[in-house]
1. Over the range 32-165, calculate the relative contact order: mean separation of alpha carbon pairs under 8 Å at least 6 apart, over the residue count, as a percent.
2. At what distance in nm do the modelled label points of residue 217 and residue 93 sit from each other, each positioned 7 Å from its Cα along Cα→Cβ?
3. Convert 37 °C to kelvin, take the viscosity as 0.692 mPa s, use the Kirkwood radius over C-alpha pairs of the range 32-165 as Rh, and evaluate the Stokes-Einstein diffusion coefficient in µm²/s, rounded to a whole number.
4. Take the Cβ-Cβ distance between residue 73 and residue 47 as r, set R0 to 22 Å, and report the resulting FRET efficiency rounded to the nearest 0.05.
5. At 7 Å along Cα-to-Cβ for each site, give me the label-to-label distance between residue 28 and residue 207 in nm.
6. For the range 144-162 and the range 72-99, write down the distance between their C-alpha centroids in whole Å.
7. Computed FRET efficiency, Cβ-Cβ of residue 169 and residue 35, R0 35 Å: what is it to the nearest 0.05?
């Protein structure tokens, strides 16, 4: 059930949603060796993007992990801005012909191909693989992949089946929609609930002066927002 057409890359797709607090990157420029590494990586990946469908995902997975993460899948999957300056510069390079979100998705497809048993992974199309990405359990993912091949499920039908098995969480009925400002406030509150003052203080001690200034500025902005909301709410009778 292989697909001989080329994969369509949506270059306009936005970057990955990353809930929580993203720590600032280290404030140092790339070394000469890192700059050369990024330039070569951009040229290599742009060449990979000229291949056909599943070959793109398989080769991107192999190359990016080997080039920036010593072949360690877990290191790539857990990466956060600032951990690998060269990788951050690579995914943000204007000359790269694929967006960060799509690049990440294709690398995940490449890992999924590796994890699926036998030749199942290489028999699926890129679109079918992407439909399976929301399934976290490896055994269930393999069963669905085999079913897609056995029953001839197209990518859209497979995606529909995955949604039936793992429906998105629904909001409570009858609850009034929140205004944009209150949604932002709820997001800030949610992000702050997982913070521990002792842990924050310990991590803060490891930051550079520039990073400390950024964290302080963000904390002050959050405090000002909270105070402004409390002042407005207090005046509502």
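Every number in this text was worked out from the coordinates using simple rules, so none of it is lab data. For clarity, every value in this text was computed on a predicted model and none was experimentally measured. Positions of Cβ are backbone-derived with ideal geometry, glycine not excepted, and every protein chain shown enters the neighbour counts.
1. Details: 121 pairs, mean separation 30.9, N = 134.
Dividing the mean separation by the residue count of the range 32-165 yields 23 percent.
2. The modelled label-to-label distance comes out at 2.8 nm.
3. On the way: Rh = 15.7 Å.
Answer, rounded: 210 µm²/s.
4. Details: r = 23 Å, r/R0 = 1.04.
Efficiency, from the Cβ-Cβ distance: 0.45.
5. Placing both labels 7 Å along Cα→Cβ, they lie 1.9 nm apart.
6. 31 Å
7. Working: r = 44 Å, r/R0 = 1.25.
Taking R0 as 35 Å, the efficiency between residue 169 and residue 35 is 0.20.
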